[in-house]
Amino acid sequence: MPDRDRPLNARGRRSAAAMRQAMRDLGLAPDMVLVSTARRTMETLEALEPWDDTPLIEPMDSLYLASPMQLMAALHGVAETVRSVLLIAHNPGLHDLALGLIGSSGGVNERAFAEGFPTAALAEFVVAGSWWDLREGGGRLIRFLTPRMLEGAGSS
């Protein structure tokens, strides 16, 4: 089956469900979701729903296996009135974008973050200014969670 049509596996579904709960516990709800049209990213989005306040959802073919520059271009297209965006895409582009946003500024869990960006990981950034002004080093990482971190927190 073509990679674009590959479904989310059982581990990915469990990871997305764990991240859904963590996002709810932390009060994280996006105003907008930019999501790759690949089957597994759409299934990840479905696993995160329903939202208390339904975000604007924009499926984008251009996010499939996108480079960091393509992902940044998608963020540059977000309206200034949108306060928070959830970007559901693919590695290595997503991880490389996040590393670029950090730049040399560092942030919470930067070392763990630099080691990888597993399926259903969540990197939360604060960005200054408008979306179209976002550049490398323009984000401050304030939270990085992986499904494995959540498993460890639940077992203590």
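FYI, it's all coordinate maths here, none of it is from the lab. Computed from a predicted model, the values in this text were never measured in an experiment. No Cβ is skipped: glycine too gets one built from the backbone with ideal geometry, and neighbour counts run over all protein chains shown.
Computed values, structure above
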{"quantity": "Gained length - M69 relative to E151, 0.36 nm times residue gap less alpha-carbon distance", "calculated": "26.3 nm"}
{"quantity": "Long-range amide H partners of V33 with built H, under 5 Å", "calculated": "L56, I57, E58, L86"}
{"quantity": "Gain upon complete extension [L28, E80; 0.36 nm per residue less C-alpha separation]", "calculated": "16.8 nm"}
{"quantity": "Theoretical ellipticity at 222 nm over the chain - DSSP helices of four or more residues, -39500 (n - 2.57) apiece, nearest 500", "calculated": "-11000 deg cm²/dmol"}
{"quantity": "Nonlocal amide H pairs with F125, under 5 Å, H built at 1.01 Å", "calculated": "I142"}
{"quantity": "Computed E for L56/E136 - FRET, C-beta separation, R0 25 angstrom, nearest 0.05", "calculated": "0.45"}
{"quantity": "R0 of 41 Å, Cβ-Cβ distance V126-M1: FRET efficiency to nearest 0.05", "calculated": "0.60"}
{"quantity": "Computed over the chain, Kirkwood Rh from alpha-carbon pairs, angstrom", "calculated": "15.9"}
{"quantity": "Derived scalar couplings ³J(HN,Hα) [region 73-87; Karplus, 6.51 cos²θ - 1.76 cosθ + 1.60; whole Hz; x for Gly, Pro]", "calculated": "4, 5, 5, 4, x, 6, 4, 4, 6, 7, 8, 9, 10, 9, 10"}
{"quantity": "Dimensionless Rg over Rh [region 1-93; C-alpha; Kirkwood]", "calculated": "0.96"}
{"quantity": "Length-normalised contact order for region 4-101 - Cα pairs under 8 Å, 6+ apart - percent", "calculated": "33"}
{"quantity": "Lys/Arg +1, Asp/Glu -1 at C-beta; the chain dipole; positive extreme among L71, L28, N91", "calculated": "N91"}
